[in-house]
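To start, the structure under review is shown below, and the notes come after it.
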Amino acid sequence: MPEPLPLSLVRDLKALENSAGRPFASLLLVRRLTNKTASNGNPFLSLEFGDRTGTFSCTVFGDHPQFELLRNLSEGAAVRIEAKMDTFQGRLSPKLARVSVLTEEELNTPGTLENLVEVPPESPETLWAEFNGYIDGIQQPELRTTVRAVFDEIGDAFRQSPAAVSMHHAYRHGLLEHTTHMARAAKALLPIYTEANPDLAMAGILLHDTGKTIEYEGTLVTRRSRRGLLQGHVVLGYQLVRKAGLKAKLDPECLERLEHIILSHQGEPEWGAAVYAATPEAVFVSMVDNLDAKMGMVQRALRQASDADDFSERLPGLSSQLLTRKLVLKTAIEQASVPQLPLL
């Protein structure tokens, strides 16, 4: 009986060079599964697998011996695959040989879930403690009460939720990380942009994506819920904020401006905004949101980069590949310690 193949992380597989046909085994989550039909009428599956270090896609045709098993998997299923290395259009796209669904016992083996589920590099507990400090820092009482009421209602979901399905901070606790990073940036930038009311701007940042706690569902893999598909997180967030603001008896004009931040934070209608930002605070929140979303893509790509590659795969949110090779600049002291050759 042959020795079982050692388990490989996605990041390590992508780092391999000249490895076509090389067998490997991995523990992965089924992130996407789409049933399709070829031009000749034959069925095939488009699959995306992933772990905490990255994802890859592959195609399985109807004559594959495990086609029916794969077709009946649900998104979020944890599986062990055996496959051979291959690429398609320059990207990892293995040829599957065997697939088995992990049992509850296998899934609970120490280290398994930690390798399957991506999380932020900072601890969620630390992020949540910092986040609550930003709520407490809002000086206007009714505005602070409004913000606190929303998180009293959605706190557990907010701490767990991703910030997106795939674009940025698309992993467990990603929404908490994204929003806390935005609050850090706002704290540094608000003294520069004094035209924006600092309490209102901070409240808008803390609340801007709260609708995503309703828009997304799923334990191991994220998908959009029924309400998420029918209404979207902008409208869902607006509903949460309006209810809390009315209950807190927030000044009507302040509530209107806070609602406007939620409705406009996506920036452009084609990105999901209900309206364009039309107050200083709304413009500020929209720009900080865009900044952290894009830098979140950068941070994730750098975390998942291998030492063997100079560039990441193409990042749709940046419309480009990212240079992942670290820049090392010598300090003035280091430069001075290097002996200078005399000029001839």
Quiz item: Would you say Arg242 is under 20 Å from the mean Cα position of the chain (by Cα) and among the basic types (Lys, Arg)?
Solution: no
Practice problem: Sort through Val275, Val221, Val285 and tell me the only one that's of a type outside the set (Asp, Glu), crowded, with 19+ Cβ neighbours inside 10 Å and more than 30 Å from Leu33 (Cβ to Cβ). | Solution: Val285
Quiz item: Within segment 153-166, is there a residue that is touching a strand residue (DSSP E or B) at 6+ places or on another chain (Cβ under 8 Å) and either farther than 26 Å from Val275 by Cβ or not polar (S, T, N, Q) (or both)?
Solution: yes
Practice problem: Could you give me the residue pairs with C-beta distances under 9 Å whose first residue belongs to segment 1-30 and is over 16 Å from Glu106 (Cα atoms), whose second residue is of a type in the set (Lys, Arg) and at pLDDT 90 or above wherever it lies, and which are 6+ apart or on separate chains? | Solution: Leu16/Arg22; Ala20/Lys84; Gly21/Lys84; Gly21/Lys95; Arg22/Lys84; Pro23/Lys84; Phe24/Lys84
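Residue-wise test of (1) surrounded by 12 or more Cβ atoms within 10 Å (Cβ to Cβ); (2) among the acidic types (Asp, Glu).
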position	(1), (2)
Leu73	yes, no
Val79	yes, no
Asp86	yes, yes
Gln89	no, no
Arg98	yes, no
Leu102	yes, no
Glu122	yes, yes
Asp152	no, yes
Ala170	yes, no
Quiz item: Got at least one residue in segment 150-168 being part of a helix (DSSP H, G or I), modelled with pLDDT of 95 or more and not acidic (Asp, Glu)?
Solution: yes
Exercise. Answer with yes or no whether Leu200 is exposed (fewer than 15 other Cβ atoms within 10 Å of the Cβ) and assigned to a helix (DSSP H, G or I).
Key: no
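The values are calculated or read from the model by the stated rules, or taken from the named source; none is laboratory data. Everything numeric here is computed off the predicted structure, so don't read it as measured data. Cβ atoms come from the backbone with ideal geometry, glycine included; neighbour counts cover every protein chain shown.
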